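For reference, the structure discussed in these notes is given below.
Please treat every number below as a calculation from the coordinates, not as lab data. What you see is a predicted model, and the numbers here were worked out from it, not measured in a lab. Note that each Cβ is placed from the backbone with ideal geometry, even for glycine, and that neighbours are counted across all protein chains shown.
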Amino acid sequence: MKDKRQRAVTAAVVVVSVAGILYFGARAVREGSGRNRPNPFEYDLERFKESGAGLVRYAETGGIRVERANVTAIAVGPDDRLYVAGDDAVLIFDTCGAVEATIAVETPAGCLAVDKNGDLYLGLGDHVEVRRGGGGAKSDWESPGEKAILTSIALSSARVFVADAGSRVVWEYDKSGRRVNKIGAKDESRDIPGFIIPSPFFDVAVDPDGFLWAANPGRHLLQNFTPDGNIRTSWGKSSMKVGGFGGCCNPTHFAVLEDGSFVTSEKGLARVKVYDRLGDLVSVVAAPDAFDPGTVGLDLAVDASQRIYVLDPRRKMVRIFEKQTPRQGESR
């Protein structure tokens, strides 16, 4: 009788052990296969990188290496001199790519613009400083507020437009530094939705007709304003495909060509594109495979020959792209 009980207990132990092995083995298989399955919510950019490869109409024709640990902004000034902000200086390069002058700054410049007379406008954190063509101090403007983070400066013949990512508005100044308008603040009565600025990329430019354009990166738009600050028109769409702007906040930068078309750059899926003045995609300047992983801050400028300058902070250089002449029989 005792032997029968022992055999029964032994059999029960074996059954329980086998059942446990089968249960935990099946669970491990399920969990392992779950880890191998792709996450449907994962933000995967790889499949979009080839988008638009057939639309590349520009070639990289040159580059200027910048001997600074951090490079933040570029502008093209008179006679196509290139201005590059980096660390504690602004470097001025001649048309051959040689350093012509160095202007020291106490605070790294997050943005800059150059007037026709060579005056240099610098966004130094929360305020604008103006330097004469030779680098000497001309004026130091009052900060527009405690929240101010200045990210872009655009010039017209009589006005200075300053993008403030901290306050999420564009400040308009006269050339003496007097603040005359606040543009883009949310105002339902004027159908102004307001800027959405999730990251410190907020760009402005003036088109050939003298109208202000501002990126609204959180809305994936470029918006055009009248002189009194109303929205005149806008264009753009949210899409990871080549014709749109994806991610949380794009485009990060843009510039305007002499015919009124636009050059734009993006982060996340780093690329540079050209749109016509109505916002229709014309061509790709640089596809994502032209940039190192993690590249952000592709500031843009255009010279008198319509060459496109792209600041590449990852490679510490300014890269130059030129439009290619179509071969016979091609339509571009």
For residue 292 and residue 316, extending 7 Å from Cα along the Cα-Cβ vector and measuring point to point gives, in nm, a value of 0.9
With +1 at each Lys and Arg Cβ and -1 at each Asp and Glu Cβ, the charge dipole magnitude of the range 48-323 around its Cα centre, to the nearest 20 debye, comes out at 520
For the range 63-109, listing GluC sites (Glu not before Pro) in a DSSP loop whose Cβ sees at most 13 other Cβ atoms within 10 Å gives 67, 106
Honestly the range 48-323 on the Cα gyration tensor test (a ≥ b ≥ c root eigenvalues; a/c under 1.5 rounded, otherwise a/b vs b/c for prolate or oblate) is just oblate
For the range 262-332, listing GluC sites (Glu not before Pro) in a DSSP loop whose Cβ sees at most 15 other Cβ atoms within 10 Å gives 330
From the Cα centre of the range 245-286 to that of the range 143-173, the distance in Å is 21
Expressed in angstrom and rounded, the centroid-to-centroid distance over alpha carbons for the range 183-232 and the range 53-120 is 25
The ratio Rg/Rh over the Cα atoms of the range 79-172, Rh being the Kirkwood inverse mean 1/r radius, stands at 0.96
DSSP beta bridges in the range 187-275: the antiparallel percent, rounded to 5, is 95
Contour minus Cα-Cα span, residue 325 to residue 189, at 0.36 nm per residue, comes to 44.2 nm
Output for the range 122-225: GluC sites (Glu not before Pro) sitting in coil per DSSP, at most 11 other Cβ within 10 Å, listed by number, reads 142, 146
